[in-house]
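The values are calculated or read from the model by the stated rules, or taken from the named source; none is laboratory data. Bear in mind the structure is a predicted one, so any value in this text is a computation, not a measurement. We place every Cβ from the backbone using ideal geometry, glycine too, and count neighbours over all the protein chains shown. Please note that ligands, DNA and RNA were not included when accessible areas were found on the heavy atoms of the full protein model with its side chains. Shrake-Rupley method; radii C 1.70, N 1.55, O 1.52, S 1.80 Å.
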Amino acid sequence: MKQRYLITGGAGFIGSHLARKLLDMGQSVYVLDDESTGSSTNVASLMNSPDFRFVHGSIMDDDTLARLVGTCHFVVHLAAAVGVKYILDHPLASIMTNVAGTERVLHYCARYEKPLFLASSSEVYGLQTKAPLKEDDFCILGATSVSRWSYACSKALDEFMALAYHHKKSFPVVIARLFNTVGPRQSPAYGMVLPRLVDQALREEPMTVYGDGRQTRTFTHVSDVVEAIIRLIGAPAAWGEVYNIGGTEEIAIGELARRIGQAAQSRSEIQFIAYEKVYNHNFQDMPRRVPDISKLMQATNFSPKIGLEKIIADVISDRMAQQAEQS
Ligand code: UDP
């Protein structure tokens, strides 16, 4: 039977890919997005589908949110502040969207008894350096004077709220901590490293690596992330649980820059820049962030299919097309 999915933040990078996939699966999709970081252009190709509806609006608008939650079968809550740069530039708005906005989404999902997928973030692990990170590992957050941790803290609070709703009201919610997700349509404007380095390489500008470049991450292609989300949505045993969604190939950012330069056949040099020079604010980075995805694999049989080489190639062709359009 056709189900109607409400995707908050559905005009964003991940949401727009998820919307496309759900429509391809024969489902109906409503998107609620205030276009603060997303854009209706991300879903322009879906607008003609009779099963798709785009609503420009905010999760903070109770009437709109209540109406949409009431008419859908399932809610995917992706609306949130994105990107370290954006969060540092808009700390208060980020906290309000993440905490007050998510509380509203939970409230209406519980009231109308609609199951919910809640997107959290690997940021909640904070300065935890253990690798790989398991869902029940300690979250180690830095001082409140370091603005970055407000995001981690607000996402952790979202998780606490969702789990409290689940335990108190038997409300069906599944929580996923997304690790660095990359792929076509990700904007470099909010600080994300991969589209930024690719843009720089294509323009033959210096590739900016922050710190000594030895900090590591794993990168997951958005189509793998969308697949994991869809599998979790379809797994009732996952209600009330938290899952990591991420890749398994750990890479240092300096090495990532080298590989991007090579793949783009660029003459760009790698420029190491001290964190203090990049962020005016008091800033702390995570030296290492690698997920343990065994819990996800066990629940859904999921494992990421797209390796780093193909991820880089995909982002290069996407950014080439974007740059050609802009020029
Ligand atoms: N980074 C970098 N150059 C850039 C942007 C980011 O070296 O132009 C680094 C950043 O300091 C971090 C890593 O790349 O160590 C990943 O950054 P991103 O903002 O993409 O995601 P994060 O994992 O920090 O949320």
TODO: Provide the packing ranking of 314-322, 178-186, i.e. peptides ordered by the mean count of other C-beta atoms within 10 Å per residue, highest first.
DONE: 178-186, 314-322
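Find the relative contact order for region 210-327 and round it to a whole percent, using C-alpha pairs within less than 8 Å whose residues are 6+ positions apart.
On the way: 124 pairs, mean separation 50.3, N = 118.
Reported relative contact order: 43 percent.
Could you give the size of the charge dipole of the chain about its Cα centre, using +1 on the Cβ of each K and R and -1 on the Cβ of each D and E, expressed in debye and rounded to the nearest 20? All intermediate terms of the calculation are to be shown ahead of the outcome.
On the way: 33 positive and 35 negative charges, 89 e Å.
I would put it at about 420 debye.
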Task: Rounded if a/c under 1.5, otherwise prolate or oblate - region 239-326, Cα gyration tensor axes - done: oblate
Task: By average C-beta atoms within 10 angstrom, highest first, the peptides 104-116, 221-233, 202-214 - done: 221-233, 104-116, 202-214
- [ ] Given the peptides 38-50, 245-257, 74-86, arrange them by the average over their residues of other C-beta atoms within 10 Å, most packed first.
- [x] 74-86, 245-257, 38-50
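Given a 1.4 Å probe and every protein chain left where it sits, what share in percent of the accessible area of the chain is carbon and sulfur?
In the chain, the share of accessible area belonging to carbon and sulfur is 52 percent.
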TODO: Could you tally up the Lys pairs in the chain with alpha carbons closer than 15 Å? Skip any pair fewer than 8 positions apart unless they're on separate chains.
DONE: 4
- [ ] Give the angle, between 0 and 90 degrees and rounded to the nearest 10, that separates the Cα long axis of helix 102-111 from the longest principal axis of the Cα atoms of the chain.
- [x] 20 degrees
